[in-house]
Each structure stands twice: as structure tokens, then as C-alpha cells.
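The values are calculated or read from the model by the stated rules, or taken from the named source; none is laboratory data. Predicted, not measured: the structure shown is a model, and the values here were computed from it. Cβ atoms come from the backbone with ideal geometry, glycine included; neighbour counts cover every protein chain shown. Areas reflect the complete protein model, heavy atoms only, side chains present, ligands, DNA and RNA absent. Shrake-Rupley method; radii C 1.70, N 1.55, O 1.52, S 1.80 Å.
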Amino acid sequence: MLPWLTALMLALLAYGLYGGLVLAPADYQQGDSFRIIYVHVPAAWMSMFIYMMMAVSGAIGLIWHIKLAEIVSICSAPIGASFTLLALITGSLWGKPMWGTWWVWDARLTSELILLFLYLGVIGLYNAIEDNRTASRAVAILALVGVVNIPIIHYSVEWWSSLHQGPTVTKFAKPSIHIDMLIPLLVMAVAFKVYYAIALLLRCRNELVQREQGARWLDEILEEK
Amino acid sequence: MSEFLHMGGYAFYVWTSYGIATLVMAFGVVKPLLQHTQLLRQLQLKRKRGLR
């Protein structure tokens with residue numbers, strides 16, 4: 001499955017990058033700097049999407065004690081944290097030429113920063129508790145409490161006045177972005193989702209092997225190699 | 001081509017964004033792959049010790 005996913009991701013990335021960097025016209029206000037959108041927005045979407053994946057699979061692990069759900073939950077955390085970091089860094093690199101500042105303490109940026117701290121808190125808490133199962137339960141509760149932050153991030157640009165622009169795609173009305181700019185953006189978003197699947201599978205495999213040391217199925221695999 | 005690299009004067013911001021994104025995302029798959037090899041090697045060693 002991994003080679004297929006990798007091929008799919010590379011194809012989507014190639015198409016999305018070509019469409020975004022070459023085919024899409026320059027923005028009439030922002031010139032070529034808007035092209036940062038093709039990493040910034042998918043990364044920001046992923047930072048929230050992965051958080052929800054982490055919280056939901058954490059809840060599943062908490063309620064039904066499914067080991068695999070616990071593993072998916074904790075393995076999502078570092079990937080989500082890296083996307084949050086990317087969203088913040090690329091946002092900063094976009095903010096400097098457009099807003100004239102790297103950082104501003106407004107609602108969108110601050111709530112995204114809190115998201116990063118939530119991810120780091122989850123990772124730290126998991127590593128601080130010796131027993132994996134107990135750690136997973138503690139982490140799931142923390143992740144679920146942190147879900148409050150997700151709608152805050154999304155609506156922050158509407159609830160508070162902000163330097164950050166309002167939603168242009170994720171709203172009920174027609175997206176206010178030209179189709180030639182929109183398509184590469186959506187392709188990049190799908191490519192990032194496939195990337196998440198790949199990174200998640202790789203991490204889960206390690207976590208599973210680590211947890212199941214001494215299990216018979218693992219021994220049999222090791223014997224074959 | 002050079003016009004493309006110039007990015008209408010925003011080259012630094014655009015390419016730094018893409019560069020950092022590439023680095024971070026590459027790290028996110030390379031690290032677990034390395035860990036995997038290391039983990040399997042450790043377990044093989046352990047298993048061989050156990051068999052003896």
C-alpha cells in the first residue's frame with residue numbers, strides 16, 4: 001500500500017505545485033507572494049484535521065479500549081504538530097511582505113499557536129507516563145478538552161477583527177477565489193492528506209512493533225526476515 | 001525561468017516557505033523509516049540472543 005500512496009502523493013504534489021506556481025495567475029493585490037497559499041492553507045487545514053483525527057481516535061480508544069485507535073491517536077500528534085508549525089512559519093513568511101510584520105497577537109494566530117502547544121502537550125504527556133495504555137487514556141482526555149480550540153481557530157477571523165483575511169474557500173457561499181487558483185489549492189490539500197496517511201502508517205508501524213514486542217505474530221515476521 | 005524564480009520580487013518569502021515545508025515533510029517520513037530499521041535490528045538481536 002505504501003508505494004501506491006507515495007506514487008499518488010507525488011503525482012498530486014507535482015500537479016498541484018505546477019498549477020499553483022506556474023499556471024495560476026498572480027494575485028491582483030498580492031502579486032506572486034500569494035503563492036505561499038499552496039503550502040500555508042493545506043498545512044493549516046491539516047493542522048486542524050489531524051487534531052480532530054487524534055481526538056476522535058483517542059475517544060474511541062478511551063471508550064472501547066481499542067489498541068489500534070490509541071496508536072493512531074498518539075502517532076497523529078507529531079505529524080499534526082509539524083503541520084501546525086508549518087502553517088505558523090509560512091504564515092509568518094506571508095505576513096511579513098503583506099502585513100509588514102512577522103507576527104501579530106491576534107485571534108487567528110494566537111489560537112493556532114495554542115494548537116501547537118496542545119500538540120506538544122499531548123506528546124509530552126504521552127512520553128511522561130511509563131505505561132502506554134495509561135498514557136493513551138490521559139492523552140485522549142487532554143486531546144478531547146483541546147477540541148474546544150478548533151472552532152475557535154476556524155471562526156476567529158469572523159468573531160474578532162483580525163489582520164488575517166476571512167475564509168475564502170470553506171464557507172457556504174461560492175468560494176471567492178478564481179478557479180485557476182482554487183484547483184491547485186484543493187489538489188495540494190488532497191496531496192497533504194495522502195502525506196498524512198503515509199506518515200501515519202509509518203509511525204503506527206513502529207509504535208505497534210514497539211508495543212507488541214514478544215508477540216508471536218511479530219516473532220514469525222522476524223523469523224522470515 | 002529567472003522571472004519564475006524571481007516570483008515578482010517575493011522570491012525570498014515564497015521559496016523559503018516551500019523550502020521549509022519540504023524539509024519538515026521529508027523529515028516526517030525519513031525519521032520513522034530510520035526508526036523502523038533500527039527497531040527491527042534491535043528486535044532481531046534480542047531474538048537471536050533468546051534462541052541461543
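Per-residue shielding of B:2-8, expressed as the average number of other chain Cβ atoms within 10 Å of the residue Cβ, stands at 3. With K and R counted +1 and D and E -1, the other residues having a Cβ less than 13 Å from that of B:M25 yield a net charge of +2. Lysine pairs, Cα distance under 21 Å, 8 or more residues apart or cross-chain: how many in the protein assembly as shown? So the count works out to 4. This model, with +1 at the C-beta of Lys and Arg and -1 at the C-beta of Asp and Glu, gives chain A a dipole about its Cα centre of some 260 debye. Residue by residue along A:198-210, Cβ atoms of other protein chains within 10 Å of the local Cβ number 4 on average. The Cβ shell under 12 Å around A:A138 holds other residues with a net charge of -1, Lys and Arg each +1, Asp and Glu each -1.
Counting Cβ atoms of other protein chains within 10 Å of each residue's Cβ and taking the mean over peptide B:20-31 gives 6. The packing ranking of peptides B:11-17, A:38-44, highest mean first, is A:38-44, B:11-17, where packing means the average number of other beta carbon atoms within 10 angstrom of each residue. For A:C75, what is the net charge nearby, where nearby means another residue's Cβ is under 14 Å from its Cβ and Lys, Arg count +1, Asp, Glu -1? Spelling it out: positives minus negatives among the neighbours equals +3.
Counting Cα-Cα pairs of segment A:36-170 in 10 Å increments starting at 0 gives whole-percent bin shares of 13, 42, 28, 14, 3. Using a 1.4 angstrom probe on protein heavy atoms only, the contact between B and A buries about 2900 square angstrom of accessible area, both sides summed. Take the alpha-carbon centre of segment B:18-52, take the same for segment A:31-90, and report the distance between them in whole Å. Spelled out, the Cα-based centre of one part sits 22 Å from the other.
Counting only alpha carbon atoms, the long axis of helix B:11-51 and the longest principal axis of chain B meet at about 10°. In terms of overall dimensions, chain A has a Cα radius of gyration and Dmax of 19.5, 62 angstrom.
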